[in-house]
1. Within the accessible area of region 236-303, what % is carbon and sulfur when the probe is 1.4 Å and the other protein chains stay in place?
2. Set the Förster radius R0 to 30 Å, insert the Cβ-Cβ distance between Asp95 and Glu74 as r into 1/(1 + (r/R0)^6), and round the FRET efficiency to 0.05.
3. My understanding is that a pair violates if its Cα-Cα distance is over 18 Å; which of Lys16/Lys48; Lys103/Lys181; Lys181/Lys453; Lys269/Lys324; Lys297/Lys369; Lys324/Lys369 do that in this structure?
4. Can you tell which of Phe127, Ile302, Ala486 lies farthest toward the positive end of the dipole of the chain, using +1 and -1 charges on the Cβ of basic and acidic side chains (Lys, Arg; Asp, Glu)?
5. Principal axis extents for region 168-275, Cα atoms only, whole Å, descending order, please.
6. Average projected area of the Cα convex hull of region 196-256, in nm²?
7. At 222 nm, what value in deg cm²/dmol follows for the chain if DSSP H runs of at least 4 each add -39500 (n - 2.57) and the sum is divided by all its residues, to the nearest 500?
8. Give the cross-link partners of Lys76 among the lysines, using a straight C-alpha distance below 17 Å as the criterion and excluding same-chain residues fewer than 8 apart.
Amino acid sequence: MTATHTTAAPRKLSLKDRYALMTRGLGWESSYQPMEKAYDQTGLEGIKIHDWDAWQDPFRLTMDAYWKYQAEKEKKLYAVLDAFQQNNGHLNISDARYVNTLKLFFTGITPAEYNAHRLFAMLGRQFPGTGAAIACQMQAIDELRHVQTQVHSISHYNKYFNGLHDHRHMNDRVWYLSVPKSFFEDAISSGPFEQIIAISFALEYLLTNLVFMPFMSGAAYNGDMATVTFGFSSQSDEARHMTLGLECIKFVLEQDPGNLPIVQAWLDKWFWRGYKVLGLVSMMLDYMLPKKVMSWKEAWNIYFVQNGGSLFNDLSRYGLRMPKYWEQTLAEAEHLSHQTWNSFYNFSGAAAFHVWLPNEEDMAWLSEKYPDTFDRLYRPRIEFYREQAAKGERFYNHNLPMLCQTCQVPLIFTETDDAGAGATSHREGKYLGETYHFCSDGCRDTFDTDPAKYAQAWLPAHQILQGNCFAPGTDPSAPDFDPMAAVFQYYHLQPGADNLDYDGSPDQAHWQQWKGTEAGAAAPTASAAPATPAAPASQPAAA
């Protein structure tokens, strides 16, 4: 008889063993250079890590599982986007004014996502711990995917509405977009541990929750299913990102007691840096959604006061406290959106979206949501603007505002304890004999921690005055030179078509034509929608 030999089937690895092989099993020690030279940034910030193997990715996600998981989401996302485009979904939004929220999102947030991709790609190279490096590399891919899905989702609107034509160019130049841009440039020029706390805490817990939750709900309520779909597709990634940031904070604090004061200082700084970007989000919620879902004050209470409070209750056992100046944000919640929108109404000639005055229904809603402040402080101002516009004296601010040296927000806000008197919140500081201006104590504190860094800030108002915001070939000495027209050319803005008032704009004219609301207009069909913007409406010059 011939003996038969059977080969035992290979043992199936457990998820834990498989994860270990696909993460830590991919790492190696450098041979011809010491590890501290290969990872030369990890010792610059004073953070001490004694055991990188203690890092745990709570999702235990490997790259092959990641690709399968994301591919399923892509199929669902693009099926919805195709249906939206084929059925002319832009005709089903609540009102054409809504598209201006997309203009602000697309020019402000989408480039920020790309910068987050760059930052996490850098982190994946700088963390010597393999588990942390792979988690960062996957987040880098996530952020790049978010850019792509946002571009694809919003590209349909670019066929029919103005202001969506050049988001990357505008992000590097337009004045108010320097606020989110400076946030990321501050983060990406920091050390690796500060970078991950800046993005995973300030960006994910503050900005992401307040952009991807109430704003996406607003998109759904206003009939924008393309934006809703990419928002939901991104939000599962964002949940992972927030968990990654929380794991990073806990990991660093557990490694060495000397890390605590460093991490607390970063949380203080990046809370305030993230909060200052949120003025743009506040006016989106309160003033730019034709159909509103919640006020800025309600959103801030839910997504920071309650959720953030729970987070810091959890972190308190490590010795961390709530970020410095968080109480101030509660008082400012009564004013932030109103004062931000007022600024854009005044400076709308230099923006890449349209503005308008709230109607009676909007003001009734604002009065209900802000019963202690709106009727007393902000309704009279809006009514005055309305009277001026009715007389043909619509007000445009032709000046360049003073900017905060740290966050680059114009000094447009009042002291929270004296908002009725209109006292501007203004702080000053000195460095190397020069005077620098700030919008708040938090921004002055940040400057004081590293003045050599923030003294180099590229401030748009300063750069315009210095003649650095003109397109190549511009001749400022020409007899008929118009500096503001030259700045608009530098921005790639079409005055009247991309900005100024919504009333009388090409976007409004097209919308009325499509919806058949013009006098004598025929009922619209999708194929009849004009894809090429009309000439800019006749409106007062911005400057």
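1. On the way: 1020 of 1690 Å².
Taking all protein chains in place, region 236-303 shows 60 percent carbon and sulfur surface.
2. On the way: r = 31 Å, r/R0 = 1.02.
The value I calculate is 0.45.
3. Lys16/Lys48; Lys324/Lys369
4. Phe127
5. Extents along the principal axes: 51, 32, 18 Å.
6. Details: hull surface 15.5 nm².
Result: 3.9 nm².
7. Values: 25 runs with 272 residues, N = 543.
Rounded to the nearest 500, it is -15000 deg cm²/dmol.
8. Output for Lys76: Lys68.
The values are calculated or read from the model by the stated rules, or taken from the named source; none is laboratory data. No experiment lies behind these values; they were computed from the predicted model shown. Virtual Cβ from ideal backbone geometry, glycine too; neighbours counted across all protein chains shown. Each accessible area value is taken on the protein alone, full model and side chains, heavy atoms only, with ligands, DNA and RNA left out. Shrake-Rupley method; radii C 1.70, N 1.55, O 1.52, S 1.80 Å.
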